[in-house]
Structure formats: C-alpha cells, structure tokens
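Enquirer: I have a structure here, written as structure tokens, and I will follow up with some questions on it.
The values are calculated or read from the model by the stated rules, or taken from the named source; none is laboratory data. What you see is a predicted model; the values in this text were computed from it and never measured. Virtual Cβ from ideal backbone geometry, glycine too; neighbours counted across all protein chains shown.
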Amino acid sequence: MMTNESRRGRREGTISLNALRCFAAVVEGGSISRAAEILGLSQPTISVTLTGLERACGTLLFHRRPRIALTDAGQDLLARARLVLGRMDELENTMQQSRDLSRGSIAIGLSTPAHAMPCIAALMVAYPDLRIRTRLGNTNGLLEALAACEIEVAIMTLTRPEEGMSCTLLVRQRLIACVPASAPRAGISLLQLAEGPLVLREPGSMTRAMMETAFAAQGLSGRIALEVGSREAAREAVAAGIGISVVLDGEAWLDKRLLAVPILGEPIEGGVYAVALPESLDLPAVRAFVGLSRDAASQAAH
C-alpha cells in the first residue's frame, strides 16, 4: 500500500474546479457520503475525484481512518480552495447578472442620433442597471469598429444590408436637400444640386455616398464648396449661405434659417439599420437592444 511519504512528490493530472468542489464538500459534510448528498453525486464518484485530486497535488489530503480528517497538506489546500471557489462563485454570479442584464455593459455606435437615441432610451428604461457607452461616427468608421470589436452594435444608415453583418432594418429613408430658408424652391433637381455649391460630409458618410452614387448614375459630378465633419457643421454652413447640403428625411433640421426640400426624380433611398456581427447576437445585451430598437421603430412608424 502506498504511504503518504511514498506519494509525496508524485503529481499526475491537473486540478479541476469540480475536484475542489468535491474536496470542500467532504470537509464541510464531514464524510464522503454527506458530500455525495450535498453535490448530488454517488459516493464512488466522490472517492475517485478525491483520489485524482491527491494525485494532482502529489500528496494525501485526508486521513481515512479512524475517521476522515485533513492532513497538513489538506488543511493548506482548503484555504486556497475556498478562495478559488469563492472567486468562481462571484464570477458565475456576475455572468448570471450579465445574462439577466441586471449589470454589465454595452458599447453602441451611432451615425444617426435622431434614430439611435430613442432606441437607447428604450434600453435604459428596460434595463436601468446596464452601463451604456456610445460612439458617434460615420457609417464606414462604425463598420470598422464593429469588425474590430470596439463596439458591439451600431445604428447606422445603409443603402443595403452589409455582407457579413447582421442588419436589422428599422426604417426606410430618402435623401432630401437642405437650403437657406430664403430660397424659393419647392424642389430641386439632381442637375441643380450637382451645380451646387454643395456642402457635404466627409468621405465615409452614407449621405455623401448616396449623393455621389446618384450623381454618377446620371453622369454628373457635384461642385463641392465645403467638406465638413458633422451634421451640425453642415447645418451652420447652409445657414451661413455657403451652399446646399443633403440630409436624410428623418434627420431634417428644425431650424428657421433652413428649408428642407425634396430632390426631384427617382427617390434616393436608404435604410436605418441595427448592425452587429452575427455572433454578437448571442450576447444578451446586444440581442435585447436590437429587439427594443425594432420595437421602438415600429411604434414610431405608427
């Protein structure tokens, strides 16, 4: 029979959480039979697990006779095992809270605040303890951030669903022109728009891409007077008389200095989508946000 001394120094296998739980249950229950009841396992399973743990540790952890009692090595392991199991319980509890959305976080990108903010508001009402981080950017920048896992979901404008992404359509939109309020126009043609002068967003903006695609289809090229990096800058540029800008009809500015007019001819359309990597939909927060965004958009449409 192998003695404690002959076993010392021999180590086989690795230490598993399951083995530590069995070990702690035997200590707390005072016997293998009681540990089996606590864990809902058979006594032979507990015995085999303890033997494997002793092999992994390279020493005996219990004296079996006359009654089960910890060895010095077992006493030392007990404190460490309780620490590990306590941390694991904390982790499992945290993960459960994240699954329940009673805690945790989500990073949301937005290129269209007018549509994104009601969706974010719905998420905050439904899950008030969820920490929300936002990132404003154009469509191209947000698609790159999604691919790099810098954000988990984004509300953005696309002309069509992006390949390789999960794209949930929230609302259809069309491009309109934004001119100074003094301009006596009921509508503007593509040719007039191309003649400008134009105030357009930076490359990577979907409104700019939609406008340039429409121009190219008609063999036109727009005369750009100024390129700006935000909707606010475009609005102020139009109000200052620098030129004409374009905006999606769901984002038209409520500003007495400006006038939103339709672009004549075939509608230049796109859609606002909730976009995420397909695997990100397995995350409870992302799944909840996409569902709430769809519901919020449906309610707004009615």
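Enquirer: Determine whether residue 168 is under 27 Å from residue 236 (Cβ atoms) and either among the hydroxyl-bearing types (Ser, Thr, Tyr) or touching a His at 6+ places or on another chain (Cβ under 7 Å) (or both).
Expert: It is false that residue 168 is under 27 Å from residue 236 (Cβ atoms) and either among the hydroxyl-bearing types (Ser, Thr, Tyr) or touching a His at 6+ places or on another chain (Cβ under 7 Å) (or both).
Enquirer: Consider residue 200 carefully, then state whether it is within 35 Å of the chain's Cα centre (by Cα), touching a residue at least 60 places away in the same chain (Cβ under 8 Å) and closer than 21 Å to residue 157 by Cα.
Expert: no
Enquirer: Is it true that residue 211 is crowded, with 18+ Cβ neighbours inside 10 Å, of a type outside the set (Lys, Arg) and over 30 Å from residue 295 (Cβ atoms)?
Expert: yes
Enquirer: If we scan segment 250-269, do we find a residue that is basic (Lys, Arg) and over 25 Å from residue 190 (Cβ atoms)?
Expert: yes
Enquirer: Name the single residue that is surrounded by the most Cβ atoms within 10 Å (Cβ to Cβ) among those in segment 244-295 being acidic (Asp, Glu) and over 31 Å from the mean Cα position of the chain (by Cα).
Expert: Checking each candidate, the answer is 255.
Enquirer: Still on this structure, please answer the following. What number of residues within segment 222-233 are buried (at least 18 other Cβ atoms within 10 Å of the Cβ) and out of contact with any Phe, Trp or Tyr (no Cβ under 9 Å at 6 or more places or on another chain)?
Expert: Result for segment 222-233: 1.
So that you can scan it fast, the table gives a plain yes or no per residue for (1) assigned by TED's automatic domain parsing to the domain that holds residue 286; (2) modelled with pLDDT of 90 or more; (3) of a type in the set (Val, Ile, Thr):
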{"residue": "154", "(1), (2), (3)": "yes, yes, no"}
{"residue": "175", "(1), (2), (3)": "no, yes, no"}
{"residue": "184", "(1), (2), (3)": "no, no, no"}
{"residue": "197", "(1), (2), (3)": "no, yes, no"}
{"residue": "204", "(1), (2), (3)": "no, no, no"}
{"residue": "221", "(1), (2), (3)": "no, no, no"}
{"residue": "227", "(1), (2), (3)": "no, yes, no"}
{"residue": "232", "(1), (2), (3)": "no, no, no"}
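Enquirer: Which one of 229, 187 is in contact (Cβ under 8 Å) with a residue 12 or more places away in the chain and touching a Pro at 6+ places or on another chain (Cβ under 7 Å)?
Expert: 187 is the lone residue from the list that is in contact (Cβ under 8 Å) with a residue 12 or more places away in the chain and touching a Pro at 6+ places or on another chain (Cβ under 7 Å).
Enquirer: Checking residue 69 against (1) surrounded by 15 or more Cβ atoms within 10 Å (Cβ to Cβ); (2) of a type outside the set (Val, Ile, Thr); (3) under 16 Å from residue 28 (Cα atoms), which single condition isn't satisfied?
Expert: Going through the list (1) surrounded by 15 or more Cβ atoms within 10 Å (Cβ to Cβ); (2) of a type outside the set (Val, Ile, Thr); (3) under 16 Å from residue 28 (Cα atoms), residue 69 breaks only (1).
Enquirer: May I pose another question? I need the full set of residues from segment 123-140 which are part of a strand (DSSP E or B) and among the charged types (D, E, K, R), in order please.
Expert: The answer is 131, 133, 135.
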